[in-house]
1. Please go through (1) at pLDDT below 95; (2) within 20 Å of residue 156 (Cβ to Cβ) for residue 69 and return the number of the only condition it doesn't satisfy.
2. Given the structure, is residue 394 buried (at least 21 other Cβ atoms within 10 Å of the Cβ) and over 16 Å from the mean Cα position of the chain (by Cα)?
3. Regarding the range 259-267, can at least one residue be identified that is part of a loop (DSSP other than H, G, I, E, B) and free of Cβ contacts under 8 Å to residues at least 60 places away in the same chain?
4. Are any residues in the range 128-145 at pLDDT 90 or above and over 15 Å from residue 64 (Cβ atoms), and if so, which ones?
5. Name the residues in the range 447-458 that are crowded, with 21+ Cβ neighbours inside 10 Å and at pLDDT 90 or above, would you?
6. State which residue is nearest to residue 95 (Cα to Cα) when the search covers only the range 525-578 and only residues that are at pLDDT below 90 and either outside the structural domain of residue 510 (by TED's automatic domain parsing) or assigned to a strand (DSSP E or B) (or both).
7. Whether any residue in the range 318-337 is more than 17 Å from residue 303 (Cα to Cα), surrounded by 16 or more Cβ atoms within 10 Å (Cβ to Cβ), touching a residue at least 24 places away in the same chain (Cβ under 8 Å) and in contact with a strand residue (DSSP E or B) (Cβ under 9 Å, 6 or more places away or on another chain) is what I want to check.
8. Which condition breaks for residue 321 when tested against (1) in a helix (DSSP H, G or I); (2) under 27 Å from residue 192 (Cα atoms)?
């Protein structure tokens, strides 16, 4: 009979007893892959726990972690929890003042920090902080700081004769305080118990089957509660391997090195992957393009059959077509992901349905989940019944309902115990056990949730209409030419968009068509017509008042380092509106506006070359040929053009025949 763990350490201990020699953690260090099995991991957690206890850490002591994802984050988290202490994760991109404010509010007494540079961001450490452990330092002369290895040596020297203490922890004990990272407002400390997190892990496994055979690669920061729940606690509970890559920018390269079976990331990761595949297809021959589109059509037809008759066998002819498409066309996508990938999870923001459908058609199930700091896992798409464009069904044990104005209310074992030191706000947010999420949502006839947007993010137009920016922004970033998009227009007559192009894709597109450019500003100006067409295409299904009437092209992306993004990579709208305020005001004036905005937020200098042509000439005749014999030159061009057209038509017909025969 399966025994329910009473705390997160007991959950891990069950795994250690079942799979002591199984690889628990995998990471890269100095260019080499390193690993720990579950027995070694447990021993290192014990060493750090004993070292923390010597520093005065005990039950309910608050210990902060300010670091990038990695094995020492995992070891630190479990070591803190094992003493009955409380983990306070802080995103490493925050500045010194923000880190200090969280430490102060959380009453943290110890901080575990990535390196000295990160520690030095905090000019004046709060008086409560007694020790700062540096993960990547070998020595330190600062009286407050101690290297991680030194702390581990101190813990290792402790005799293992007394009880560790984690056995006495229960589900109601406080485990962590997670500070929210919303796009507006100050962060608040969300208190989650061992029981909150355990309930989410146990119930999520009904929709996302993870086993000890899985290797999980997560690019969600561990300071993000969904990343910690699904990317750390879920595989640890199942006895799987938790792998850490270099950085989100190298995610696709890490897939080839680690060869995971489970991938967890934000929508932008999957959008970039989709864009890379589609760009590769565009650069391929007409035959390959035709085969790819035909294979994608077969995959989508298979998905329609599965959604219309779940559980029923597919028609044999369709299954044979799909198997051929997977072997001949989609196998390249699978190989570029390491060849073992069987499941992907997207969280942090809504995922555009087109992206989800693409990966599903290619045989890579992409599951979208939904949660928030106040309730880490609320809903998820079941692997066998994925509905693109939705956040899935509520996980077992969780109830949902909508208020009259469409706000989603949630009740379940995963709902927080409250906000740290904010009882009045807790009472307003959790009423009679129902968490007021602040999200506008829809629930369809099958119980699937569709998150529209944050209630406070709705754009109120001066015409009386309300626009939810998130679905429009998500649609725009589905383009391979658009990296980021922000909708603005509060108290204005219509909405406009701030667009950050995907400059690498634009540059390749421009060079292919012979557009001359020397800088990002010039490239952005040359590409305005292309971007305008993408915006119109991608927003065609929205109501007229939801479509951006004008747009600005920004030459530099919004970044975490500048405080323009949340840890889950959502743009802080207020920061964007403040930075580009003058340019946004100009969009709504009767006078002309500058179409391209440089990094500083001011207007970019106009480019010296003339704007690229809408249609690039197919031939560029040599000067002598054009002057000496224009008629002869024209005849040769007509002959060559007619041959190219003929060859193109012939290849298209042959591609169609081959595609029909194969699929």
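The values are calculated or read from the model by the stated rules, or taken from the named source; none is laboratory data. If you're wondering where the values come from, they're calculated on a predicted model, not measured in any experiment. For neighbour counting, all protein chains shown are included, and Cβ atoms are generated from backbone atoms with ideal geometry for every residue, glycine included.
1. Failed condition: (2).
2. The answer is yes for residue 394.
3. no
4. Residue satisfying the conditions is 136 alone.
5. Matches in the range 447-458: 449, 451.
6. 565
7. yes
8. Result: residue 321 fails condition (2) only.
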